[in-house]
Amino acid sequence: MEVVALHLAEEALRLTRQSDRDLFGRSAFNRFYYATFLIVRSQLHASIGNFPTTHSAIPEFLTGSVTRELSKGAQYAKRADDAELSKLCSRARTATKNLADILRTGYSVRVIADYKPEILIEFENVESFGLNTVLISEAKAWPHKALAMSVTLSSAWKQLHA
Amino acid sequence: MLSEDELVRYIESREIHVAGSVIEDAAGSASYLVFVKVIRDSDNKQVPSNRKLHLVREKLASEGTPVEFMLKDAYASDVEAGLRASLLHSFIESIRNVFMSVVSSSAHVWIEQKHQLTDAELDEMKSKTVRYLQEFDLSLMTFKTTVDENFPTKFACLKAVRQFAPITVAALSQRLELAGFSVPSLDWLSRRLDSIRRSGQLVWTDGGAYVMSLKGIRALGTKKNRQSPDLARLLALARRGG
């Protein structure tokens, strides 16, 4: 999916007709979001029980019950004098917030890309474009960043629940 | 429910700056998606604060206009991009990407590595990161690679001993591996268990197996639900006919 997104982004920059550039550009945002979503789902769905299936529910699930569970985990770790796990829980909480932010932003941009054709892609220069103030360079980082954050979260989760 | 224009006016009147257009969520949840520009004050604190955003969000929801705020922190993005460029420039053979998250004035940094990094390489990257962050009055809170941190922690070892005690080091190693952990060697696990024993949470029996001490059981606590460790213990005993 990410390969497709990268290709679409390159095409958006290469093409000259404004309407084509817009279509390729918004499709690139859409694919970067889906690449990110699929990475998060494949990393976390199996390990975290009750993981939501709807796109819009995942960020709230992460910042709600997952964060609460990590906070509880940090308390258990402290009681067991496990500084290593306590630090891991802290990192996982930060990662979880980042992940929720990425998914929220990505989902919002995907909604604009798919349902708001009146909001056009803005071309910054020959190398960059954006949609509703979100740059394509930011979207390109979503899948990698989401993978890093998901791995941190699933590591902490396994330590607490295995 | 407020219209898009009314919503922007309402939010801006609370000194929260909307970036781009306000979007009505397409998922049928009758809510708005709002991008908000955030900046940093002289103490590196986020403006508007999360608390302020939360209060405005609650107020709007109570008045029938649910919103979801997406924060655009240009400063944090710039610092992250600079750190990424700086580390990639110096360690292009070793790392693929760098991510950073800023919480208050602390930075959490993740390194995506191309190969297993040596301690010396990591130390060098870390000190370069610290020097870079100092320029922005940020301190380095964590510096980790993005690989799965898969060795069982003390807590995970204790949980497994609690469930399967009395258990030898070799049997515990198998149990931990079945649970998805990597155990580097029996010697590594023996040292870890011995350190827990010295802290008084485990007891080593004459038969060469480990059991929990009362201190260890108290430290782990219990749960009165289907994740109860006592139930897990009973089931494990039943399975082996104990």
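The distance between label points at B:A171 and B:D194 comes to 2.2 nm (points 7 Å beyond Cα on the Cα→Cβ vector). Take the Cβ atoms of A:R79 and B:S182, set R0 to 35 Å, and the FRET efficiency comes out at 0.90. With θ taken as phi - 60° and the Karplus curve 6.51 cos²θ - 1.76 cosθ + 1.60 applied, the whole-hertz 3J(HN,Hα) list for segment A:150-162 is 5, 5, 4, 5, 5, 4, 5, 4, 5, 4, 7, 10, 5 Hz, x standing for glycine and proline. For segment B:106-200, the set of GluC sites (Glu not before Pro) satisfying both a DSSP loop assignment and a count of at most 13 other C-beta atoms within 10 Å is given as B:E135.
Rounded to the nearest 20 debye, the dipole magnitude of the protein assembly as shown is 2240 debye, with +1 charges on Lys and Arg beta carbons, -1 on Asp and Glu beta carbons, and the Cα centre as origin. From most to least packed by mean Cβ count within 10 Å, the peptides B:82-95, A:138-151 give A:138-151, B:82-95. Put simply, the amide H of B:L140, placed in the peptide plane, has neighbours under 5 Å in B:A107, leaving out anything fewer than 5 places away on its chain. Sequentially through segment A:128-136, phi angles give Karplus couplings (6.51, -1.76, 1.60; θ = phi - 60°) of 8, 8, x, 9, 6, 6, 8, 7, 5 Hz, Gly and Pro residues having no value and appearing as x. Taking amide hydrogens as placed 1.01 Å from N in the peptide plane, the amide H of B:K72 sits under 5 Å from those of B:V36, B:K37, B:V38, each at least 5 positions away in sequence or on another chain.
Here the Karplus curve 6.51 cos²θ - 1.76 cosθ + 1.60, taken at θ = phi - 60°, turns the phi angles of segment B:111-124 into couplings of 10, 8, 8, 8, 8, 4, 8, 7, 4, 5, 4, 4, 4, 5 Hz, with x standing for Gly and Pro. Per-residue mean of foreign Cβ neighbours for B:53-63 is 0 (Cβ atoms of other chains, 10 Å radius).
Considering only alpha-carbon pairs that sit under 8 angstrom and 6 or more positions apart, the relative contact order computed for chain B is 11 percent.
Sorted on the mean count of surrounding Cβ atoms within 10 Å across their residues, most packed first, peptides B:215-226, A:84-95 read A:84-95, B:215-226.
When both bridge partners sit in chain B, DSSP labels roughly 60% of those beta bridges antiparallel. The mean number of partner chain beta-carbon atoms within 10 angstrom of a residue's beta-carbon across peptide A:151-161 is 5. Taking the Cα centroid of segment B:96-117 and of segment A:24-58, what is the distance between the two, rounded to the nearest whole Å? With segment B:96-117 and segment A:24-58 each reduced to a Cα centre, they are spaced 22 Å.
With a 10 Å cut-off around each Cβ of A:80-91, the average count of Cβ atoms from other chains is 6. When the charge dipole of segment B:9-89 is built from unit charges on Cβ atoms (+1 for Lys and Arg, -1 for Asp and Glu) and taken about the Cα centre, the candidate among B:A81, B:A19, B:Q46 whose Cα reaches farthest toward its positive end is B:Q46. Once C-alpha pairs closer than 8 Å and six or more residues apart are averaged by separation and normalised to the residue number of chain A, the relative contact order reads 32 percent. Out of A:E60, A:E118, A:E11, any idea which swings most in a Gaussian network model of chain A, alpha carbons joined below 10 Å? Answer for the Gaussian network model of chain A: A:E118. Using helices alone, I'd like the mean residue ellipticity at 222 nm for chain A: each DSSP H run of four-plus residues gives -39500 (n - 2.57), total over residue count, nearest 500. Roughly -25000 deg cm²/dmol at 222 nm, from the helical runs in chain A. Taking Cβ atoms as reference points and 10 Å as the exclusive limit, the residues near A:R110 contribute a net charge of +1, counting Lys and Arg as +1 and Asp and Glu as -1.
With all pairs of different alpha carbon atoms counted, what Kirkwood hydrodynamic radius in Å does segment A:2-160 show?
On the way: mean 1/r = 0.0601 Å⁻¹.
Value: 16.6 Å, from the Cα pair sum.
Bear in mind these aren't lab numbers, they're just calculated from the coordinates by the rules spelled out. Everything quoted here is computed from the prediction, not taken from an experiment. FYI the Cβ positions are ideal-geometry reconstructions off the backbone, even for glycines, and counts take in every protein chain you see.
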